[in-house]
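Notes to accompany the following structure.
Taken together, the values in this text are just the output of simple stated rules run on the coordinates, not laboratory data. Only a predicted model underlies this, so the values are computations on that prediction, with no experimental measurement involved. Note that we place each Cβ from the backbone using ideal geometry, even for glycine, and neighbour counts take in every protein chain shown.
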Amino acid sequence: MLARRSVPTRSLEAGLTVLGLRDHLAPPTTNLPEEGKKLLGAETADTLRSRRNRALLSLLIGCGLRRAEVTNLRLEDLQLREGHWVIADLRGKGGHIRTIPVPQWVKDAVDNWTDDAGINAGPLLRSINKANRIWGHGFTPKVIWAIVKSNAKTCGLPSVAPHDLRRTCARLCHQAGGELDQIQFLLGHVSIRTTERYLGCKQRFRDAVNDHIGLEPDAPS
């Protein structure tokens with residue numbers, strides 16, 4: 001299941017191993033990409049609201065953003081750096097500034113929303129009224145919470161919350177071979193230990209990381 005703090009009994013009964021962060025265990029062995037795709041696919045309606053919600057979910061799970069960070073995003077923050085789309089100079093928790101790579105599929109979801117909504121500057125995500133029109137000039141963390149919870153419930157994941165998508169992003173990066181320091185940069189963690197907790201890392205002594213570094217007497221020359 002998507003990465004969460006606790007281990008739900010129902011998931012264990014289904015044969016899915018979801019590891020809690022407090023236990024400092026290894027990362028989960030479940031198919032997180034499929035679970036993530038399931039959540040992203042929950043918004044299927046061809047409406048302005050669904051396009052916005054797909055953009056939101058894509059940013060949360062694809063870029064590992066916090067709710068407050070998504071709330072403050074502006075269209076101008078999306079820039080090209082070294083030929084890759086990024087969220088440039090984002091001011092995150094504690095006032096720390098970082099630049100976040102944006103996968104092309106996330107950018108596509110954002111473009112589908114902004115093109116349909118006619119947004120060419122200012123706040124990236126906007127409220128939508130009952131008439132399916134843009135209303136106001138911003139977005140609140142409370143609305144983000146409601147959107148994530150609603151879609152998670154639709155997917156049969158009622159206990160998933162917005163911050164779980166941030167942890168899931170970290171674990172997907174790790175499963176894909178992402179280096180620990182790069183995941184730390186992505187999430188904006190001051191301490192590498194925080195990133196390790198997100199990943200459920202545990203120091204391994206059997207077949208340790210320094211057991212095979214090419215300096216052993218029997219190592220091939």
Exercise for review: Place the peptides 137-148, 71-82, 54-65 in order of packing, highest mean first, counting for every residue the other Cβ atoms within 10 Å and averaging per peptide.
Suggested key: 54-65, 137-148, 71-82
Revision key, fill the gap. Using alpha-carbon positions, the gyration tensor of region 70-129 gives root eigenvalues a ≥ b ≥ c; with a/c under 1.5 called rounded, otherwise prolate if a/b exceeds b/c, else oblate, the class is oblate
Exercise for review: Sort the following peptides by mean Cβ neighbour count (other Cβ atoms within 10 Å, averaged over residues), highest first: 38-46, 184-192.
Suggested key: 184-192, 38-46
Check your understanding: So between His84 and Arg133, what do we pick up on full extension, going 0.36 nm a residue minus the alpha carbon distance?
Key -> 14.5 nm
Check your understanding: So what is the relative contact order for region 9-199, in percent, with contacts set as C-alpha pairs under 8 Å and at least six apart?
Key -> 24 percent
Review point. Mind checking which lysines have their C-alpha under 21 Å from Lys149, skipping anything on the same chain fewer than 8 residues away?
Key: Lys37, Lys38, Lys130
